[in-house]
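The values are calculated or read from the model by the stated rules, or taken from the named source; none is laboratory data. Everything quoted here is computed from the prediction, not taken from an experiment. Virtual Cβ from ideal backbone geometry, glycine too; neighbours counted across all protein chains shown. The protein model used for the area step is the full one, side chains on, heavy atoms only, and it has no ligands, DNA or RNA in it. Shrake-Rupley method; radii C 1.70, N 1.55, O 1.52, S 1.80 Å.
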Amino acid sequence: MLHATRRHVLVGLAAGLAFGPPALAARRTSEDLSGVLAPGARLQTLYSGGRWCEGLCWAPALGGLVFSDVRRNTMSVLGSDGSVRTLRDPSRNANGNALDAQGRLVTCEHRTRRVVRAEPGGELTMLAERFEDRRLNAPNDVALAPDGSLWFTDPVFGIRQPDEGLMAEPEQRARRVYRITPGGAVEAMISAIDQPNGLAFSADGRTLYVSDAGASLNPEAGRAIHAFALGPDGRPGEGRRFAEPDGGAVPDGLCVDGRGRVFAACTHGVQVWEADGRRLGRIPTAGPAANLALGGADGRRLFIGQGPHIHAIDLAG
Ligand code: MG
């Protein structure tokens, strides 16, 4: 359904070549993000001890920012004092994390190809592992919907990349977005995206955004962010192409701030759009950004997982 063209590939290559020295790129923002970032805000690096930091989730009850290191096969918590505490080792190549409506941590695991929930005592409850009697591909990212259901993406990356899980042939016929109802049913919601990866709900709960990272496996495939209006029953409508990152970048993790602005972790940094799709700019990072979370004491700190690093930058109110 997505129409990557030769031009996109060429633009991507050109952007890759034009991307400046990492040290410089990491210190400046491009274009006009003055309405988005707090005055004088700069990218700060909080952690650099990882391999592939993902699954960022602000969880004060757990001590700060939960994150997965997919390739080190661990999960940790980064405290506001800079301390890092191991949460799971091994993590079964955990990726996306979210808190459910009761504040319990929900995690996508590549290695087991399931979604799990941590109970207050620490034991894990399996929430999703199969659909129509076939194993899921490799749940990637998860988000809490306003009605208490949990939505997750199921692309093939975790069964295609040897350092991120166990290699296998997909059993599912599609790479879908699913929801887990509060009653525990696993339902297919979206099947029309090539490789659904990041997902996020708007603050008003009416729109679901899903990134397509198909182009990271096949340059001719999709790399757009899609928006789905949610009906009164909580189900998504037809969907529309919301935006496509500049510079041939491929989007991964998403988040939406209280004003409806959409942030996407992309190949060359974090790209930002207004809710109406108007592009605002990019926060450059020195390598591919994979995941995002809003958090901090006032909820205005944007955390960014980028390879071995976790960065943060403060947003305007
Ligand atoms: Mg992802």
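Any chance you could count how many residues in segment 271-290 are charged (D, E, K, R) and under 22 Å from ASN95 (Cβ atoms)?
The total comes to 0.
Please go through segment 95-130 and give me each residue that is away from the ligand (no atom under 15 Å from the Cβ), outside any loop (DSSP other than H, G, I, E, B) and in contact with a Gly (Cβ under 8 Å, 6 or more places away or on another chain), ordered by number.
Across segment 95-130, the qualifying residue is only LEU127.
For segment 289-303, give me each residue that is away from the ligand (no atom under 13 Å from the Cβ) and buried (at least 24 other Cβ atoms within 10 Å of the Cβ). So that I can check it myself, show each step before the final result.
From segment 289-303, those away from the ligand (no atom under 13 Å from the Cβ) are 294-303; that's our starting set.
Correct list: LEU302, PHE303.
Scan segment 74-89 and give yes if some residue there is outside any strand (DSSP E or B) and within 16 Å of the ligand (Cβ to nearest atom), otherwise no.
From segment 74-89, those outside any strand (DSSP E or B) are 79-83, 89; that's our starting set.
If we keep only those that are within 16 Å of the ligand (Cβ to nearest atom) as well, we get none.
Taking every residue of segment 74-89 in turn, none turns out to be outside any strand (DSSP E or B) and within 16 Å of the ligand (Cβ to nearest atom).
Kindly indicate the residue of segment 219-255 that is open to solvent by 20 Å² or more (accessible area, probe 1.4 Å) and of a type in the set (A, V, I, L, M) and also nearest to the chain's Cα centre (by Cα) among those meeting that condition.
VAL250
May I ask you to say which residue of ALA94, ALA128, ALA98 is within 25 Å of ASP204 (Cα to Cα), in contact with a strand residue (DSSP E or B) (Cβ under 9 Å, 6 or more places away or on another chain) and buried (at least 21 other Cβ atoms within 10 Å of the Cβ)? I'd like the intermediate steps shown before the answer.
Working: ALA94 fails: within 25 Å of ASP204 (Cα to Cα); ALA128 fails: within 25 Å of ASP204 (Cα to Cα).
Step by step, each of ALA94, ALA128, ALA98 is checked, and only ALA98 is within 25 Å of ASP204 (Cα to Cα), in contact with a strand residue (DSSP E or B) (Cβ under 9 Å, 6 or more places away or on another chain) and buried (at least 21 other Cβ atoms within 10 Å of the Cβ).
For segment 143-164, enumerate the residues that are more than 10 Å from the ligand (Cβ to nearest atom) and assigned to a strand (DSSP E or B).
Passing the criteria: ALA143, LEU144, LEU150, TRP151, PHE152.
For segment 189-206, which residues satisfy the criterion of being away from the ligand (no atom under 16 Å from the Cβ) and aliphatic (A, V, I, L, M)?
Residues satisfying the conditions are MET189, ALA192, ALA203.
Among (1) of a type outside the set (Lys, Arg); (2) over 17 Å from the mean Cα position of the chain (by Cα); (3) crowded, with 20+ Cβ neighbours inside 10 Å; (4) under 15 Å from ALA145 (Cα atoms), there is one condition ALA286 misses while meeting the rest; what is its number?
(4)
Take segment 153-199 and flag every residue that is closer than 18 Å to ASP233 by Cα and buried (at least 18 other Cβ atoms within 10 Å of the Cβ).
Within segment 153-199, VAL177, TYR178, ARG179, ILE180, VAL186, MET189, ILE190 meet the criteria.
So, in segment 60-83, how many residues would count as being open to solvent by 70 Å² or more (accessible area, probe 1.4 Å) and either among the hydrophobic types (A, V, I, L, M, F, W, C) or within 15 Å of GLY296 (Cβ to Cβ) (or both)?
So in segment 60-83, the residues open to solvent by 70 Å² or more (accessible area, probe 1.4 Å) come out as 60-61, 72, 80-81.
Restricting the remaining residues to those that are either among the hydrophobic types (A, V, I, L, M, F, W, C) or within 15 Å of GLY296 (Cβ to Cβ) (or both) gives 60-61, 80-81.
So the count comes out to 4.
Regarding segment 261-276, can at least one residue be identified that is surrounded by fewer than 17 Cβ atoms within 10 Å (Cβ to Cβ) and in contact (Cβ under 8 Å) with a residue 24 or more places away in the chain?
Scanning segment 261-276 turns up no residue that is surrounded by fewer than 17 Cβ atoms within 10 Å (Cβ to Cβ) and in contact (Cβ under 8 Å) with a residue 24 or more places away in the chain.
Between a residue in segment 54-83 that is touching a residue at least 40 places away in the same chain (Cβ under 8 Å) and of a type in the set (Val, Ile, Thr) and any residue that is surrounded by fewer than 24 Cβ atoms within 10 Å (Cβ to Cβ) and in a loop (DSSP other than H, G, I, E, B), which pairs come within a Cβ distance under 6 Å, given they are 6 or more apart or on different chains?
VAL70/TRP52
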